[in-house]
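Before any comments, here is the structure.
The values are calculated or read from the model by the stated rules, or taken from the named source; none is laboratory data. This structure is a prediction, so every number in the text was calculated from the model and none was measured. Glycine also receives a Cβ, built like all others from the backbone with ideal geometry; neighbour counts cover every protein chain displayed. When the accessible area is computed, the model is the full protein with side chains, heavy atoms only, and any ligands, DNA or RNA have been set aside. Shrake-Rupley method; radii C 1.70, N 1.55, O 1.52, S 1.80 Å.
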Amino acid sequence: MLGSLVGPGKVEGENSMASPLHGGLPEPASSQSIRSELSGSAGNVVQARDVSGGVHFHEATPSLQARPAQLPGDVSGFVNRAHQLQSLDGMVAGDDAGEPGALRVAMVVGTAGVGKTSLAVHWAHRIRSRFPGGQLYVNLHGYDPVPPVPPADVLARFLRALGIPLERIPPGEDERAALFRSAVADRKVLVILDNAATAGQIWPLLPGDGSSLVVITSRTRLSGLAVRIGAHRVSVETLSQAESIELLRAVLSRYRVGDDETELAELARLCAYLPLALRIAAERAAARPRMPLRELIADLRDEPGLWDALSAEDTHGPAEAEAVRTVFHWSYRALSPEAARLFRLLGLQPGSDFGLPAAAALAELPAVQARRLLDTLAGAHLLEECGHNRYQFHDLLRAYALDQAQREEPEENRQEALRRVLAWYLHAAATAAHASVGVYRLPVALEPLPETINVPVFDDGKAAITWYEAERENLTTAVHAAAHARMHRIAWQIPAVLTPIIVDREPADTWLPAQREALAAARRSGERYGEAITLENLGIAHRHLYHLPEAAEALSAALAAYDDVHDTLGQMRCANGLGVVHLFARRLDMAVAGFEHAARLATEHGDQQAYAGAFTRNIAWALLERGDLQHAEPLLHQALGLLRAAGEPLEEAEALTLMAALYRRQERLAQARAVAEQALAMAGEAEGTLFEALALLELGRIAVAQGENGEALGHLHQAAALFQRIGRADLQAAVWDTTGEAYRGLGRWQEAADFSHRAAIEHRTRADRWSLALSLADLAAAQAQLQDATGALTNRREAIELLTAFTDPIATAKRAELERDT
């Protein structure tokens, strides 16, 4: 993968399957390090020379295997809400006997702190056995100080939880929403959408049928949902006095006895009958079991200037908010100075939840002391523990903590604390990226971190990726927080150090907003090197999205920036990346020029043998696409020598697969088969699933060329399964193209048409005009044999129109062939 190539394309009118995995990554990593996500073995090649019933590509459907269980823990001591629970139970009564029908949505609405989430989660635990497809949960943070979670990000999380491979997750919100509806269709999944502020956050996250159930919590009534889809609204009001007393007794029962009913009623009134405030007040009373309740009540009443609003007749709105704030302040003042300081500093934390190490860095505390203080805050219900050593705020408490920080912490202290935690995220991200790939791949002089702050250590790549996935939202938010606080170096460095993880594990648009913010930050700081790195990352992301003009623009700008700072490695990566973009667009001469530039830089650098071999191979790849076999062959031999000397078996296996494709073009089919089998064996020994699949695909093409179409189907079946395993839908489409060709060779025209049509759909989705044109031409050929003259003519004409955009000899010959048939 050093040279950005993942497989040889077909030529002379064959469909190109070359599509770089990520391209243009920095410093060479060892073969072992770059195989972390591609391990696996194809095993023995299936020999299927005599096929009577056909080979069926039964793809495993990950969404039918994964069973997410994302519900937060149930609320301890849940009381009351019998009427609301009964109303919600009615939505699933007789559920097992009925047929899936209209979409079912429950909306739990009410004021802040009234217990909407507690009710929704408690009910979800009661009914989860009715939803064997699993439970999905997300806090949309519609009312948090941090930005709400975009629907596209939520959909990506849900699709991953449902077992959809990374590469199958499309970039756009609409496309992800459509895939989500397909993934949960008829599955009976329970979806909890917590803290929604607007209907716009909800619409893309709704399933398409009534087999699943959606539960939404919101402070607003979301009337549009109720009107358009008949959502069942359950209003959660403040508790009655009796219910409030019952909740207080439930919390206090293990700590206090004999509290007077009248005093409990007064405490409930001062808490405005809101569960959040009641639990905090009860926890304060439980922590002082010997103090008379009347003294606690007097203390609460003494909060200055906060109780006038409670005399209003209206018990909703401002009065409730004031009551909650007063209870918060009452509990906050009871904290030790150390716990109070940590609480208010946590309001500066960039994300919605956080781990113990981040909290320790924020307050510059030893982990042992930070854990003790966090436990104190959680025990006072000022924080919620949401996992092992992970915590989160209720949105009201988050806002209150931030307000206290702004009131009590000098600006200098706030800035120092924020810089500490953002720098901690930066250094932790760099460590995770290093552990995930085995080598630190982008040279970045990190923003310094105080010596007192500890950076996590990861035992292996799996632990690093687990950390990254838990902190993804915090990391993207940290980029925006750093830019807003004018900490520009941190802003551009976070995505820069995460490049190896982002490129290999994320849908290409996941980090685009943060990367754009990073680019602006690098420019504001005047750091040309940071600008170069960020432009390169943007170019890679755009290329993965098949936004080729944007990719070319970003990579060209990155190349110029690297030239300004005399960074040869950066220049060669970008030159190679531009070559890949041109190859995608089938600007073959420009692709060759880009690869030659990269190879020349690698040779001049003196110690970049692996890069030089990979880039030389890429030149041969482009020449092969152009049909220039005479010049491609010696370059492939040269590339093989360089890669073998560099000890890069997977890169060598890829070059061997290209060599097999060249021999096939020269009709040296026995040599082609031998070389492809050598590539397959080498990739299997190095545990390179992607490269095994590429070799299997080439073996399938060779078998077709030999007229062994049944055998070809066996190779292609295995290749498709491996591409599906690693989530390469684009390369699966290349397999379907060749499968259609094999079925044409068998005279099985309907199967041939089906596979060509399937490939065309995928190529159209990616806006790959060249591959789409060739798939449509293949489809037209099969349709002609099926006596579908109209379909054949329509697809042939579209293929001709698409091919007019390409001027190379192979494209010109293919267009002329189709025009003759038309």
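What to note about this one:
- Test for Gln750: is it open to solvent by 10 Å² or more (accessible area, probe 1.4 Å), in contact (Cβ under 8 Å) with a residue 40 or more places away in the chain and of a type in the set (S, T, N, Q): no
- Residue in the stretch 124-131 that is in a helix (DSSP H, G or I), of a type in the set (Phe, Trp, Tyr) and either buried (at least 19 other Cβ atoms within 10 Å of the Cβ) or in contact (Cβ under 8 Å) with a residue 24 or more places away in the chain (or both) present: no
- Highlighted here are the helices (runs of 4 or more DSSP H) found entirely within the stretch 586-703 that include at least 2 residues which are open to solvent by less than 10 Å² (accessible area, probe 1.4 Å) and either over 21 Å from Cys574 (Cβ atoms) or of a type in the set (Asp, Glu) (or both): 609-626, 629-646, 649-665, 669-685.
- Selection within the stretch 755-803 - over 21 Å from Asp628 (Cα atoms) and among the polar types (S, T, N, Q): Ser756, Thr765, Ser775, Gln783, Gln785, Gln787, Thr790, Thr794, Asn795
- As for the stretch 277-296, it holds at least one residue that is crowded, with 22+ Cβ neighbours inside 10 Å and basic (Lys, Arg).
- Candidates in the stretch 204-243 are the residues that are β-branched (Val, Ile, Thr) and surrounded by 22 or more Cβ atoms within 10 Å (Cβ to Cβ); of these, the one that is farthest from Val105 (Cα to Cα) is Thr238.
- The stretch 804-822 - residue that is among the aliphatic types (A, V, I, L, M) and either in contact with a Phe, Trp or Tyr (Cβ under 9 Å, 6 or more places away or on another chain) or surrounded by 15 or more Cβ atoms within 10 Å (Cβ to Cβ) (or both) and, of those, farthest from Arg626 (Cα to Cα): Leu818
- Taken over the stretch 794-813, residues that are modelled with pLDDT under 95 and either in contact with a Gly (Cβ under 7 Å, 6 or more places away or on another chain) or farther than 14 Å from Arg587 by Cα (or both) amount to 3.
- The set of residues in the stretch 105-123 being in a helix (DSSP H, G or I) and open to solvent by less than 20 Å² (accessible area, probe 1.4 Å) consists of Lys116, Leu119, Ala120, Val121, Trp123.
- Yes/no for Val234 being within 21 Å of Val114 (Cα to Cα) and touching a strand residue (DSSP E or B) at 6+ places or on another chain (Cβ under 9 Å): yes
- Scanning the stretch 447-477 for residues that are within 18 Å of His488 (Cα to Cα) and in a helix (DSSP H, G or I) returns Asn474, Leu475, Thr476, Thr477.
- Restricted to the stretch 385-409, and to residues there that are acidic (Asp, Glu) and touching a helix residue (DSSP H, G or I) at 6+ places or on another chain (Cβ under 7 Å), the residue that is surrounded by the fewest Cβ atoms within 10 Å (Cβ to Cβ) is Glu408.
- Residue in the stretch 170-193 that is out of contact with any helix residue (DSSP H, G or I) (no Cβ under 7 Å at 6 or more places or on another chain), of a type in the set (Lys, Arg) and within 24 Å of Arg764 (Cα to Cα) present: yes
- Residue list for the stretch 449-464, restricted to those being surrounded by 18 or more Cβ atoms within 10 Å (Cβ to Cβ), more than 16 Å from the chain's Cα centre (by Cα) and over 23 Å from Gln369 (Cβ atoms): Phe458, Gly461
- Just one of the listed residues (Ile810, Ile726) is touching a residue at least 12 places away in the same chain (Cβ under 8 Å) and under 35 Å from the mean Cα position of the chain (by Cα), namely Ile726.
- Residue among Ala496, Ala561, Ala482, Ala532 that is part of a helix (DSSP H, G or I), open to solvent by less than 10 Å² (accessible area, probe 1.4 Å), touching a Lys or Arg at 6+ places or on another chain (Cβ under 7 Å) and in contact (Cβ under 8 Å) with a residue 12 or more places away in the chain: Ala561
- Restricting the first member to the stretch 661-676 and to residues that are farther than 16 Å from Trp621 by Cα and hydroxyl-bearing (Ser, Thr, Tyr), and the second to residues that are part of a helix (DSSP H, G or I) and open to solvent by less than 60 Å² (accessible area, probe 1.4 Å), no beta-carbon pair is closer than 8 Å while six or more apart or on different chains.
- The stretch 205-234 residues that are farther than 19 Å from Pro150 by Cβ and of a type in the set (Gly, Ala, Ser), paired with ones that are in a helix (DSSP H, G or I) and open to solvent by less than 10 Å² (accessible area, probe 1.4 Å) (beta carbon under 6 Å, 6 or more apart): Ser212/Val184; Ala231/Leu225
Residue-by-condition table, conditions (1) at pLDDT below 95; (2) under 17 Å from Ala478 (Cα atoms); (3) open to solvent by less than 20 Å² (accessible area, probe 1.4 Å):
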residue	(1), (2), (3)
Arg419	no, yes, no
Trp424	no, yes, yes
His427	no, yes, no
Ala430	yes, yes, yes
His434	yes, no, no
Glu447	yes, yes, no
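- Filtered residue count, the stretch 51-84, keeping only those that are more than 23 Å from Pro207 (Cα to Cα), surrounded by fewer than 16 Cβ atoms within 10 Å (Cβ to Cβ), modelled with pLDDT of 70 or more and not hydroxyl-bearing (Ser, Thr, Tyr): 4
- For the stretch 244-264, residues that are of a type outside the set (Val, Ile, Thr), under 41 Å from the mean Cα position of the chain (by Cα) and open to solvent by 20 Å² or more (accessible area, probe 1.4 Å) total 0.
- Cβ-Cβ under 6 Å pairs, at least 6 apart or on other chains, the stretch 273-301 side more than 17 Å from Leu397 (Cβ to Cβ) and assigned to a helix (DSSP H, G or I), far side modelled with pLDDT under 90 and open to solvent by 50 Å² or more (accessible area, probe 1.4 Å): Ala286/Tyr255
- Selection of the stretch 465-490 for residues being of a type outside the set (Phe, Trp, Tyr), within 20 Å of the chain's Cα centre (by Cα) and either under 21 Å from Ala541 (Cβ atoms) or at pLDDT 95 or above (or both) yields Ile465, Glu469, Glu471, Arg472, Glu473, Asn474, Leu475, Thr476, Thr477, Ala478, Val479, His480.
- Restricting the stretch 709-729 to residues that are surrounded by fewer than 22 Cβ atoms within 10 Å (Cβ to Cβ) and touching a Lys or Arg at 6+ places or on another chain (Cβ under 8 Å), the residue that is farthest from Ala781 (Cα to Cα) is Gly727.
- Against the numbered list (1) free of Cβ contacts under 8 Å to residues at least 60 places away in the same chain; (2) of a type outside the set (Gly, Ala, Ser); (3) under 30 Å from Thr765 (Cα atoms), Arg524 comes up short only at (3).
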